[in-house]
Amino acid sequence: MQDVRISGVGEYVGKTVTLSGWLYNKRGSSKVQFLLVRDGSGTIQAIGSKADLGEERFALARELTQETSVRVTGEISEEPRAPGGYEMHLHEFEVVGESVDYPITPKEHGVDFLLERRHLWLRSKKQHAVLTIRSEIIAAIHEFMHREDFLHVDAPIFTPAAVEGTTTLFEVEYFDDRAYLTQSGQLYMEAAAAAFGKAYCFGPSFRAEKSKTRRHLTEFWHMEPEMAYADLDDVMDVTENLLEFIVARVLERHRDLLEQVLERDVDKLALAKAPFPRISYDEAVALLNENGQDFEWGGDFGAEDETKLSEHFDRPCFVHRFPSAIKAFYMAPDPDDPRACLSVDCIASEGYGEIVGGGQRSDDLAFLEARIAEHGLPMEPYEWYLDLRRYGSFPHAGFGMGLERVVAWITGRRHIRECIPFPRMMSRITP
Ligand code: 4AD
Ligand code: MG
């Protein structure tokens, strides 16, 4: 592994170092070449002159092609005008691997062309920035959850039963039987909440979504906390504190990527501070109708409705107490309204849509048995889950946060396909 990475060259000013990377771009004249080299941690300009390199090496430098892997050796100096603040005075370079006709050039490409070459597209500046921020968000989530005393408990991916409805289940062969790819780790986290009080899982969830929207992946990363002796309000409290923490951390560490590379309006993002506004489903329906949307009570919000709702607030908002009929079987009924349940969605600001869904779970065995039957689900695969109501049932609540949705909101990407390294969608499973 290399000793010096470009992100750390500041400690080597005046010294000669070797950096290993790829040629991002180059420009120059017949006397001097500016090689823009990237190594994953950053980019640096290496300046090679004919005088220093000699006729033959200089001619070779002039012919280097985009994404050729190279080792460059030279002296580091400070240069405030250079990207990154430093540059290299090139003494020597070595071609490690050639790159002939690299397909992604600095000109504009269509998104299908780029997605087809996602394995290479990751090297581009914007994609690099989005995935850097994704990694920071993941780290921030773990840090926050650890600080709040949640235990990280992994949920299985092969499962015997549906969590979020049968229409989006992926069925797989499982020896002589059938299994499903998990839609959510929630049911397992409810077991974990009884064991540990506060738990969360963070892994992939799968939805056979037949919708080709910009917010749906068939495989997404799902962070799901579950809390014992907690209610709907606790879900909203934890969600807003978590989102505030994540945004603050990204702004603290990657403001430059947001502003300069991704052109995100960071002032708007910085408004995401707790408390977030909380409105009921009924209030949301009224708000939509007052503002010209023709929305009927009982329906689920579409992308446009969520966008309209978000326009009323300067930060993410909560919509709580949805009609039971449009939510999953496990939702606790609202004691004040028989049609509603203690569910909540958090809708991101600026039209980025739902980023969190959750609520309070029913802790009543008979109610859940009835709901499972009403939903046309087989009872047997849920027996273990119902045990949680047989052996010390307890009030509890939790939520699921879709990582890519959060990344899209924070980085200002219109489509969540750019917010995961290798997106899986209805029409795409390669690369
Ligand atoms: O609202 P959902 O379906 O809720 C659940 O799965 C609950 N069991 C979570 C829980 O309470 N533990 O999904 C939760 C979140 C959504 O708000 C969204 O952010 C994300 O998961 N999500 C998706 N992200 C990308 N592509 C999809 N197809 C998604 N479906 C849900
Ligand atoms: Mg939802």
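Points to keep in mind about this one:
- Rounded to the nearest whole Hz, the Karplus-based 3J(HN,Hα) values (6.51 cos²θ - 1.76 cosθ + 1.60, θ = phi - 60°) of the stretch 144-150 follow the sequence 4, 5, 5, 4, 8, 6, 8, with x at glycine and proline.
- Proximity of backbone amide H atoms, modeled 1.01 Å from N, is registered between A46 and L35, L36, V37, M88 at under 5 Å, excluding neighbours fewer than 5 places apart on the same chain.
- Shape category assigned to the stretch 187-305 from the gyration tensor of Cα positions, a/c cut at 1.5: rounded
- Residues considered: F220, F113, F276. Largest GNM mean-square fluctuation over the chain, using C-alpha springs under 10 Å, is found at F113.
- Computed [θ] at 222 nm, deg cm²/dmol, the chain (DSSP H ≥ 4; -39,500 (n - 2.57); rounded to nearest 500): -9000 deg cm²/dmol
- Accessible area of the stretch 299-338 belonging to carbon and sulfur atoms, whole % at 1.4 Å probe: 47 percent
- Extending 7 Å from Cα along the Cβ direction at T105 and again at Q260 yields two label points whose distance is 2.7 nm.
- Lysines with Cα under 23 Å of K31, excluding same-chain neighbours fewer than 8 positions away: K50
- Per residue, the accessible area of the stretch 35-150 comes to 52 Å² when a 1.4 Å probe rolls over the protein heavy atoms.
- Per principal axis, descending, Cα span of the stretch 31-94 in whole Å: 30, 23, 16
- Counting protein heavy atoms only, the stretch 20-147 has 50 percent of its accessible area on carbon and sulfur, 1.4 angstrom probe.
- Rolled with a 1.4 Å probe across the full set of protein chains, the surface gives R253 an accessible area near 120 Å².
- Over the stretch 1-140: Rg over Rh, Cα atoms, Kirkwood Rh: 0.99
- Cα→Cβ-extended label distance, 7 Å offset, between E78 and K126, nm: 3.4 nm
- Label-to-label distance for E116 and A208 is 2.9 nm, based on points extended 7 Å past Cα in the beta-carbon direction.
- Solvent-accessible ranking of R255, R428, largest area first, probe 1.4 Å: R255, R428
- For the stretch 244-400, the spread of Cα positions along each principal axis, largest first, Å: 55, 39, 25
- For the set K125/K268; K26/K126; K126/K327, the pairs lying more than 27 angstrom apart at their alpha carbons are K126/K327.
- Listed by chain and number, the aspartates and glutamates whose alpha-carbon sits under 20 Å from that of K308, ignoring those within fewer than 8 places in the same chain, are D265, D282, E283, E290, D294, E296, D300, D345, E350, E354.
- Rg over Rh for the stretch 151-238 works out to 1.02, both radii taken from alpha-carbon positions and Rh defined as the Kirkwood radius.
- Dipole check for the stretch 214-362: with +1 at the C-beta of Lys and Arg, -1 at the C-beta of Asp and Glu, and the Cα centre as origin, the magnitude is about 340 Debye.
- Cα-based shape type of the stretch 53-132, given that a ≥ b ≥ c are square roots of the gyration tensor eigenvalues and the cut on a/c is 1.5: oblate
- When the P(r) is computed for the stretch 350-431, the part past 16 Å accounts for 67% of the Cα-Cα pairs.
- Over the chain, relative contact order from alpha-carbon pairs under 8 Å, at least 6 apart, %: 13 percent
- Each residue of the stretch 321-332 was assigned a 3J(HN,Hα) from its phi angle through the Karplus curve 6.51 cos²θ - 1.76 cosθ + 1.60 (θ = phi - 60°); the sequence is 6, 6, x, 4, 4, 9, 10, 5, 5, 7, 5, 6 Hz, with glycine and proline shown as x.
- Net charge dipole size for the stretch 293-430 [Lys, Arg +1 and Asp, Glu -1 on Cβ; Debye, nearest 20]: 560 debye
- Here the accessible area of the stretch 350-431 is 53 percent carbon and sulfur, with a 1.4 angstrom probe and all protein chains present.
- Note on Y174 and K268: the extension gain reaches 29.1 nm, defined as 0.36 nm multiplied by sequence separation minus the Cα-Cα distance.
- Cα gyration tensor, the chain - rounded (a/c under 1.5), prolate or oblate: prolate
- Gain on full stretching of the segment that runs from E304 to V13 - 0.36 nm per residue minus C-alpha separation: 99.5 nm
- Surrounding net charge for V356, when Lys and Arg each add one and Asp and Glu each subtract one, Cβ distance under 9 Å: -1
- Each distinct pair of alpha carbons in the stretch 288-370 adds a 1/r term; the inverse of their mean, the Kirkwood radius, is 13.6 Å.
- Of the residues L60, L169, L181, the one that moves most in a GNM of the chain with alpha-carbon contacts below 10 Å is L60.
The values are calculated or read from the model by the stated rules, or taken from the named source; none is laboratory data. Only a predicted model underlies this, so the values are computations on that prediction, with no experimental measurement involved. Counting neighbours? That spans all protein chains shown, and the Cβs are built from the backbone with ideal geometry, glycine included. For the accessible areas, the whole protein counts, side chains as well, though only heavy atoms, and no ligand, DNA or RNA atoms are used. Shrake-Rupley method; radii C 1.70, N 1.55, O 1.52, S 1.80 Å.
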